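Encoded as structure tokens, the structure appears first; notes follow it.
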Amino acid sequence: MTVDPATLLTFLGMMAVTYAGRIGGYWLVRRYPVGPRLRAGLEAVPLAVLTAIIAPTVLATGPAESLAALATLLLAWRMPVLIAMLGGVAAVVLLRAIIG
């Protein structure tokens, strides 16, 4: 197996930037007090990242996947996460069988 030097450098660069971002964030949070607005913003980051990852996929796929994503969202609104995930998987399987 051979390793492409450009790929290796890209990987190492991405790793360094990710690590620097994490360390910088920890340094800032430890150095300055975290107020309620900043805390609320930081708590919203995981949902925003998840939405940014999932939304393009949902919009770029077929109607069965988009409807299953909507069903999953509705389930997650009222049910625990595990039930929402299982319901989403069941919905996409069922909708693919019905819609195609």
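What follows draws every value from the coordinates through simple rules; no lab data is involved. Quick caveat, the model's predicted, so the values are computed rather than measured. Counting neighbours? That spans all protein chains shown, and the Cβs are built from the backbone with ideal geometry, glycine included.
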Whole-Hz couplings from phi, Karplus 6.51/-1.76/1.60, listed for segment 91-100; x for Gly and Pro
5, 5, 5, 5, 5, 5, 6, 7, 7, x
Spelling out what I want: for every residue of segment 34-47, take phi, set θ = phi - 60°, compute 6.51 cos²θ - 1.76 cosθ + 1.60 (Karplus), and round to whole Hz; glycine and proline get x.
9, x, x, 5, 5, 4, 5, x, 5, 6, 7, 4, x, 5
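How high is the relative contact order of the chain? Use alpha-carbon pairs under 8 Å, at least six apart in sequence, and give a whole percent. All intermediate terms of the calculation are to be shown ahead of the outcome.
On the way: 36 pairs, mean separation 19.4, N = 100.
It rounds to 19 percent for the chain.
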Got a sec to turn the phi values of segment 74-89 into Karplus ³J(HN,Hα) couplings, 6.51 cos²θ - 1.76 cosθ + 1.60 with θ = phi - 60°, whole Hz, x for Gly and Pro?
5, 5, 5, 5, 10, 10, x, 4, 4, 5, 5, 5, 5, x, x, 5
Taking the simple approach of a point 7 Å from Cα along Cα-to-Cβ for both VAL93 and ALA60, what is their distance in nm?
2.6
Would you mind classifying segment 53-100 by shape? Square roots of the alpha carbon gyration tensor eigenvalues, ordered a ≥ b ≥ c; an a/c under 1.5 is rounded, otherwise it is prolate if a/b is larger than b/c and oblate if not.
oblate
What 222 nm value per residue comes from the helices of the chain, counting each DSSP H run with n ≥ 4 as -39,500 (n - 2.57) and dividing by all residues, nearest 500 deg cm²/dmol?
-30500 deg cm²/dmol
For the chain, taking Cα atoms only, what is the radius of gyration to one decimal and the Dmax to the nearest whole Å?
19.8, 56
Inter-part distance where segment 84-100 and segment 5-45 are each reduced to a Cα centre, Å
36
